[in-house]
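Colleague: Please find one structure pasted underneath; my questions will follow.
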């Protein structure tokens, strides 16, 4: 506050933050689940990367490596009845929401047994039975749909919440502004998560966002907004717990900006010459959320190195099996070209 | 049977479906008459008055006034449809498609196919279209050819109060996204409408008049223009069939082709702009599948390839007229 007692913008901001208090310590099962899911995502993505480079994956893919703490820190608070809407970089969200890795890999390979029968691909993986409303290849495409899921929850009084994942690139689309305003006006159980990995394709967030701060901009829509370190699973976990609890209790929408680091390029094969060599090295060596998690739980003694190594091996074996299944999977029949345009004809 | 306006027929359909199924919700601008003001509740019923009275019976949880935010309201309706509601969204004028097209084109229309047949999106988007109110270039277009082009959408364009009610009930019960287009000049049109609920199936044209000399295919307001022309032509000894496809996706090709088999002459009357239009599509279908039956080249009477003008004299010249339709049929008779 200044001498007259008025709040300046920074005071308002820290006021927003003060609501976000740590509520509990995670138990062992939750820690094991978090590490397992982050490792599974990383292993999945690195296998997709290798298969793509080898020329086995049609189309193009966008990898989530480096952002795992966000999907897992959010989705650990959700069950299959809750909803998420994702982005073009959606593999991590899908795995964190409970999608089957083998059927995801089959989908990415365009096979008949894929989650979307081979008709969606990497950018359209969806699993409605698990509340995964779809990766979305239109940047900023998901938030309006997600508030629709939140409207369903509110109308049917189902106690469900809906989370819209968007990147910093998508954060400038009008769709998310409209969706945030609508969610506030209708007091919908929605959570807007911006994964700020610093780049919308090849353009830095510092260039592309006019506002000083994404969370502050969202707060202007009239909802609690917080900025967390998206490489810190525990910080994401706490912020998400607050937001999900508020939404379930009928307290309306919230916004979380999670700053993170994209280890790979915008797409698989992106040479990333718009990032300096130092930055790219740091992305892997200093900003890896899984390394940070590992160091923390080992230092605290909450988990043992042997347990983590066993999880690493299981994740590797699971994704090896997924890749093997994807190679062996049958292609869709040609009739599939014409089916499922409509539910009824 | 009671005489009912087109507007009231739509209102009756919505009320009946909302009573039948609690998952049906209405989403749009001023659909509950506006919100948060200092005056009366339910003052409006949407700008065209179609939803008036519904908020009184069903409450604001099911008749949802939104801000003016078409991407969010259409997208929200699509997201609600794929998660268990059956929303009827109101896009005030079809021209506003320009500020929400992604949510229709890339989202709602594609869920089912793109997600391998698992999604159901029982969404209705009601919208007003058409020229005739001096509303200018951004409030008077047809645009149904854009929706018709997109796989995954069903496109419904009623011309009578009877069809309006039956087609809207069908649209609400349908499991796919339906674009339901209401012509501005038809809201006050009266006709016989049964009090009970009934459905009119999609993809079934209706034959409004039968005659052996030529076939006119027309939609919405243009069916009335075609019928007027048909009456004038009959006085000159020319008998025409008038077919209203009622839905452009799916399109009842068979009824049109059967009629061409009898008459050998086709005129498509379309208030829309001509390039890549529904009129073009119908002409192409007949050229491909009915060529051997044709006695004369296919004709189209459409709006010109211009925006809709404002000045009344220009707007009147823009809209296909009875005289133009009559002249085109006589031309068809001469060239064969």
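Colleague: Name the helices (runs of 4 or more DSSP H) wholly inside the stretch A:61-130 in which the number of residues that are in contact (Cβ under 8 Å) with a residue 60 or more places away in the chain and away from chain B (no Cβ under 14 Å) is 3 or more.
Modeller: Result: A:68-75, A:101-108.
Colleague: Mind listing whichever residues of the stretch A:131-140 are within 9 Å of chain B (Cβ to nearest Cβ), in contact (Cβ under 8 Å) with a residue 40 or more places away in the chain and out of contact with any strand residue (DSSP E or B) (no Cβ under 8 Å at 6 or more places or on another chain)?
Modeller: A:137
Colleague: Something else about it: Can you find a residue that is more than 27 Å from residue B:263 (Cβ to Cβ), surrounded by fewer than 20 Cβ atoms within 10 Å (Cβ to Cβ) and not assigned by TED's automatic domain parsing to the domain that holds residue B:8 anywhere in the stretch B:200-212?
Modeller: No.
Colleague: Picking from B:78, B:89, which residue would you name as being at pLDDT 95 or above and at the interface with chain A (Cβ under 7 Å from one of its Cβ atoms)?
Modeller: One residue alone meets the criteria, B:78.
Colleague: Given the structure, is residue A:157 in contact with a helix residue (DSSP H, G or I) (Cβ under 7 Å, 6 or more places away or on another chain), more than 25 Å from residue A:36 (Cβ to Cβ) and either surrounded by fewer than 23 Cβ atoms within 10 Å (Cβ to Cβ) or facing chain B (nearest Cβ under 9 Å) (or both)?
Modeller: No: the conditions fail for residue A:157.
Colleague: Taking the stretch A:139-172, which residues are assigned to a loop (DSSP other than H, G, I, E, B) and closer than 15 Å to residue A:194 by Cα?
Modeller: Correct list: A:139, A:140, A:141, A:168, A:169.
Colleague: Same structure, new question: Can we say residue B:118 is in contact with a helix residue (DSSP H, G or I) (Cβ under 7 Å, 6 or more places away or on another chain), surrounded by fewer than 23 Cβ atoms within 10 Å (Cβ to Cβ) and at the interface with another protein chain (Cβ under 9 Å from one of its Cβ atoms)?
Modeller: yes
Colleague: For the stretch A:294-337, enumerate the residues that are within 26 Å of residue A:120 (Cβ to Cβ) and assigned to a loop (DSSP other than H, G, I, E, B).
Modeller: A:329, A:330, A:331, A:332, A:333
Colleague: Condition first: under 23 Å from the mean Cα position of the chain (by Cα) and either away from chain B (no Cβ under 14 Å) or in contact (Cβ under 8 Å) with a residue 40 or more places away in the chain (or both). Can you find one or more residues in the stretch A:330-341 that meet it?
Modeller: No, the conditions are met nowhere in the stretch A:330-341.
Colleague: Just wondering, is there one or more residues in the stretch A:258-273 that are within 22 Å of the chain's Cα centre (by Cα), outside any loop (DSSP other than H, G, I, E, B) and in contact (Cβ under 8 Å) with a residue 40 or more places away in the chain?
Modeller: yes
Colleague: Residue B:43 versus (1) crowded, with 23+ Cβ neighbours inside 10 Å; (2) more than 11 Å from chain A (Cβ to nearest Cβ); (3) without any contact (Cβ under 8 Å) to a residue 40 or more places away in the chain: which is the lone unmet condition?
Modeller: With (1) crowded, with 23+ Cβ neighbours inside 10 Å; (2) more than 11 Å from chain A (Cβ to nearest Cβ); (3) without any contact (Cβ under 8 Å) to a residue 40 or more places away in the chain applied to residue B:43, the lone miss is (1).
Colleague: Out of the stretch B:69-123, which residues are assigned to a strand (DSSP E or B) and over 19 Å from the mean Cα position of the chain (by Cα)?
Modeller: Matches in the stretch B:69-123: B:86 only.
Colleague: Related question: Any residue that is closer than 25 Å to residue B:163 by Cα and part of a helix (DSSP H, G or I) - is there at least one of those in the stretch B:35-55?
Modeller: yes
The values are calculated or read from the model by the stated rules, or taken from the named source; none is laboratory data. Source: prediction; values computed, not measured. For neighbour counting, all protein chains shown are included, and Cβ atoms are generated from backbone atoms with ideal geometry for every residue, glycine included.
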